[in-house]
1. Under a cut-off of 13 Å between alpha-carbon atoms, report the aspartates and glutamates in cross-link reach of Lys255, not counting same-chain residues fewer than 8 places apart.
2. Restricted to Cα positions, what overall size does the range 305-350 have along the principal axes? Three whole-Å values, descending.
3. Based on a Kirkwood Rh over C-alpha pairs, give the Stokes-Einstein translational diffusion coefficient of the range 77-171 at 4 °C and viscosity 1.567 mPa s in µm²/s.
4. Quick check: convex hull of the Cα atoms in the range 196-246, volume per residue, rounded to a whole Å³?
5. For the chain, modelled as a GNM with alpha-carbon contacts under 10 angstrom, which of Tyr294, Tyr234, Tyr336 fluctuates the most?
6. Go ahead and set up a Gaussian network model of the chain, Cα springs under 10 Å, then flag whichever of Tyr279, Tyr163, Tyr212 fluctuates most.
7. Label points 7 Å out from Cα along the Cβ direction at Arg65 and Thr355: separation in nm?
8. Would you mind checking Lys273/Lys401; Lys273/Lys365; Lys56/Lys194; Lys7/Lys194; Lys324/Lys401; Lys273/Lys357 for any pair whose Cα atoms are more than 30 angstrom apart?
Amino acid sequence: MKSYNIKTFGCQMNEHDSEVLAGMLEAMGYRSTEDAGKADLVLLNTCCIRETAENKVFSYLGRLRRQKVANPAMIIGVCGCMPQQEGMAARMHQLFPHVDLVFGTHNVQQLPVFIDRILAERKPVLEIWPEAAEITEGLPTVRKEGLRAWVTIMHGCDNYCTYCIVPYVRGRERSRGPDVIVREMAALGRDGFKEVVLLGQNVNSYGKDLKYPMDFAGLLEKLDGVNGIARIRYMTSHPRDFNEKLIRVIARLGKVCEHFHLPVQSGSNRILKEMHRGYTREHYLSLVEKIKFYIPTAVITTDIMVGFPGEDDDDFQATMDLVKQVRFDSSYTFVYNARPGTPAAEMAEQVPEKTKKQRIQDLIKLQNSVSMEKNKEEEGSRQEVLVEGKSNIDPGLVYGKSRGNKTVVFPGNIILTGAIAPVTITRAHLAYLEGFIEK
Ligand code: 5AD
Ligand code: SF4
């Protein structure tokens, strides 16, 4: 039996695409192996959001070169966002002649055809589609986890934030029809999944392109009624399109969790404008106020970038002030990295690396102290925890996630996995909460 190994770089979207790649390979009779060196097929599902992501792929390909010398029959494939960039597939082929297969984000469904072609002709295959075709439904999927399932609700992004490469490599926004999403979720419920994470680059744009009008709030209402699934999460949201109606719907629906991941990127209006984000600091703050009004226990997290071109000390201070004002439970922090082909890469005032480094350190320090305070506020509270398994902190402990998406550990038996436990929080840490199950 032939074996495959998929190495995934980047976001949840890529993780989920890898589950589809795995599904197609298993349908062809391939079986998964942990050992890339011994696999008949190694596939790298790549990311290009920052240069560091690309460098990881290049160094992994370098390592595979040696493994292919020992195992010459091995097929090496590269797919995902990286080769979808202009000229990158040809560059990869030139730099890494041991790569047999290169394809992009728009022709994933062709993987079986490509493999057959390589096996028959023993010649490299490079095929990138410049644009997305109709969404291919019904591809087999092998999910990695047993409790939480990722479900794509839309592909692509039309926002063109000036720093971001995603719209260039993921194509225009295309929504999946609500009925196929409902059917997929119902099947997941029957298969024993407890939580669904709805995926899209900007879930708040959901449905704009559908023949029969439907918005994200409407989709959530439909999905909340699906049997079997206990929790619904979604990512990622865009603050420009997030509105009061949606907050009210989320507050009302029992399965949709009270976790709002709302990437702000910057606290400075001038920078937000240059980023082409389409909202102001004031709009963002009023959105947060509304969330806290309807759902006082809401957990709010964000993405923040420092060092966008032209960001001066005042702009950075505005971001720091915003963090203090909103008091995010946690945030993903990034140093701006110029992506070739994006408008921001051409902007004149690139911020020196040293300044970026100082700013990210200051920001992380502030965020950590805010996160600790926020976690401490949960001490004494009762949280519903979906148990995921044994904790690696101590064999007598199990761990899971609260509705706000915080990790909670508590004494318990592994048999609780998949159940929702009422846990009283006793002690906060920066990265998790400790508690005990109520008798
Ligand atoms: N440089 C640094 N961070 C970036 N992100 C997107 N593009 C870039 C870039 N060029 C960050 C944004 C986004 C997150 C997924 O990655 O904060 O929300
Ligand atoms: Fe990139 Fe902006 Fe689209 Fe997010 S919304 S994927 S940051 S262009």
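Values quoted throughout were computed directly from the atomic coordinates according to the rules given, and no laboratory measurement underlies them. It should be emphasised that the depicted structure is a prediction, and the values quoted were computed from it without experimental measurement. Ideal geometry is used to build each Cβ from the backbone, glycine not excepted, and the neighbour counts take in all protein chains shown.
1. Filter leaves Glu195, Glu221, Asp224, Glu384.
2. 34, 21, 12 Å, listed from the longest principal axis down.
3. It diffuses with D of about 86 µm²/s by this estimate.
4. Spread over its residues, the Cα hull of the range 196-246 gives 87 Å³ apiece.
5. Tyr294
6. Tyr212
7. Modelled inter-label distance: 3.8 nm.
8. Beyond 30 Å between Cα atoms: Lys273/Lys401; Lys56/Lys194.
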